[in-house]
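Read through the structure below, which is laid out as structure tokens, and then see the notes.
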Amino acid sequence: MEMSQSPQDGQDERAPDLPTLAEVLGIRDQQLITILEGMSDGFCVLDRGWRYIYLNQRIEEITGRKRATLIGKIHWEVFPDAINSIFYKKFHEAMEQQVPVTFEAFYAPSDKWYVIQVSPSPGGLAIFARNVTDQKRAEVQMLYQAQIAQSISDALVVTDMQYVIRSWNRAAEELYGWKAEEVLGKNAADIVPGVYQTDSRSIFQHEITTRGMWKGEVLQSHKDGTARYILASVSIVKDQDGNVLGMVAANRDISERKRREEENKRLLQQLQIERAQLEAVLQQMPSGVIIAEALSGKLILENKQVEEIWRQPMPEVASISDYTKYQGFHPDGRAYKAEEWPLARSILYGEIVHAEEIVYVRGDKTRGTMQVSSAPIRDEQGNILIGVVIFTDITKQKEAEQRKDEFISTASHELRTPLTTVKATTQLLKRTAIKRNLPEIALSLTKMEGQINLLTRLIAELLDVSKIQAGQIDYLEEPIEIDGFVHEVVETFQLIAPSHRIIVSGSTQQQISGDRGRLEQVLVNLLNNAVKYSPHAQQVDIILSSDDEEHAIIRVRDYGNGIAREDQSRIFERFYRASNPYSKTIAGLGMGLYIASEIVKRHAGQINVESKVGEGSTFSVMLPSA
Ligand code: ADP
């Protein structure tokens, strides 16, 4: 009997014109209805007119409607939102084509996923709905995680507790060179053997078991055998119940970073060594050294000699304007302005200052002289980075030099007076000897006179040098017609130097204004040297010319020993003599060219030399015309 009184069968609420469950499904068995009612799946039956014939308790829960409000009602009227949904489409498909349909659908009102199974029969539809929300979520989660694992840039390696590899993402393939299919199921210790760089294997195991995670650096092998520096982050994976499933390692290749770190460390060490060496050199140097920053001029380094030379700790200096804290004077007595100090000039203008002499006031208020050199240090682009100044206290040398100058000056003065007397007496004696007809004595006295003249000239030169030093030579300003002047001087000189023929060629056709006596001194000196330093030659040339700018040019050319290149720039210095042994055999004090160059300079002219050893020398004097 299909008419049951049991409240579970739902037949009691059925409207009288509805077909019975038995009519739709052919179910007669009361026991079956009991089973349907107790099922965890939702189950309902619709007749051909979409009316609810039967629904179990689960459907009540899913739809949130009481059985009484649904039985006999048309499904699409109760749930108008379902029209045009997947339910509508699939139910119709089953009904019209009389085929069973299974589909998966999300049912928004209950916020759950269901697998719906629709079984048609001529009387209507039987519908099963299984809640698959959990599986669905897990599935989505898994998909999601898989995607993350693949897209993550760290190598993700999942193993069980025996290190058997369970998962291996794309980044792991790249990092280690192994494809996932090559390594899954294999032991990680065999595939990517590693050496712990931080901690050790036992600490790793201890950390994993106690804290569930470990982070550190490992050196691991790539498939090709090369080693990679890996930053590994390993944690334990547990299931919902807290059972340990395995480990997941997120590994990152830090080889490049490591290499850079090592390189930096090496460079730093090198830098420290170089700096220490530089410090040592700086501290050992007898000179004071200061390094200042460009463009501020702030002092950044100084050695201990700085304080010794200044006899005071260096005052704080943050900028070039602070350089006024140092007191120094130019040769003319003017005080150095801040930006005039060599260091400031190097920093500001890139000037290289060589051996500038500065009178300075020390911490104890005494004055001294320092010799200062400075230079800028530039980067590859040529920008000035720092300025370096190096200086020495030359006060003592200066004083000694001054004493020497004074001595030369006094000595030459003192020598001159008796020599004048000796000379006058010799001349008197000579005249007497001639008068008394004592030719041998007269000859000796003539020779003596020659030597006295030589001495007189030497003393005169010494005096000149002293005067030049003291800036005490006065120059006349008289018009001199150069060509005639040169011929006159040569004529006289030829008489006292018969060993060489002096040949004058060319002409300057210039008239200058100057001191005839002093210029004669220049020319005689050059001729003297030309003869003196070419003992095996017979000729000296004088070539006269002028240039576009109306300079008179006098060249004195000899065919003697010549002058080595390294000596050429220095022979015009006071007391300088070429160092070759040959030169030493020829008498001289190294004053002639010094005096000559001073005289030429005072005439606003230039003197220089061209020479080749063994071929002779040419000295040129260039004088501006009046
Ligand atoms: P002195 O001749 O008295 O040594 P100078 O000042 O006249 O001094 O010359 C300086 C140095 O220059 C000489 O010692 C010599 O070595 C070199 N010198 C000058 N003139 C010549 C020359 N014509 N040929 C070779 N060397 C020369």
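The values are calculated or read from the model by the stated rules, or taken from the named source; none is laboratory data. If you're wondering where the values come from, they're calculated on a predicted model, not measured in any experiment. Note that each Cβ is placed from the backbone with ideal geometry, even for glycine, and that neighbours are counted across all protein chains shown.
A few notes on this one:
- Complete set of residues in region 569-581 that are within 9 Å of the ligand (Cβ to nearest atom) and of a type outside the set (D, E): R570, I571, F572, R574, F575, Y576, R577, A578, S579, N580
- Count of region 590-601 residues which are touching a Lys or Arg at 6+ places or on another chain (Cβ under 8 Å) and either more than 13 Å from L523 (Cα to Cα) or near the ligand (Cβ under 7 Å from one of its atoms) (or both): 3
- Verdict on G216 being at pLDDT below 90, surrounded by 16 or more Cβ atoms within 10 Å (Cβ to Cβ), assigned to a strand (DSSP E or B) and out of contact with any Gly (no Cβ under 8 Å at 6 or more places or on another chain): no
- All positions within region 572-621 that are in a helix (DSSP H, G or I) and aliphatic (A, V, I, L, M): L593, I595, A596, I599, V600
- Test: Y336 is surrounded by 12 or more Cβ atoms within 10 Å (Cβ to Cβ), at pLDDT 95 or above and not hydrophobic (A, V, I, L, M, F, W, C): yes
- Subset of region 421-471 (residues that are of a type outside the set (A, V, I, L, M, F, W, C) and either outside any helix (DSSP H, G or I) or under 60 Å from the mean Cα position of the chain (by Cα) (or both)): R436, N437, E461, D464, S466, K467, Q469, G471
- Of the numbered criteria (1) more than 7 Å from the ligand (Cβ to nearest atom); (2) among the charged types (D, E, K, R); (3) over 15 Å from I607 (Cβ atoms); (4) surrounded by 12 or more Cβ atoms within 10 Å (Cβ to Cβ), the one K584 fails is (4).
- Looking only at region 602-624, and only at residues there that are among the small types (G, A, S) and surrounded by fewer than 16 Cβ atoms within 10 Å (Cβ to Cβ), the one that is farthest from the ligand (Cβ to nearest atom): A604
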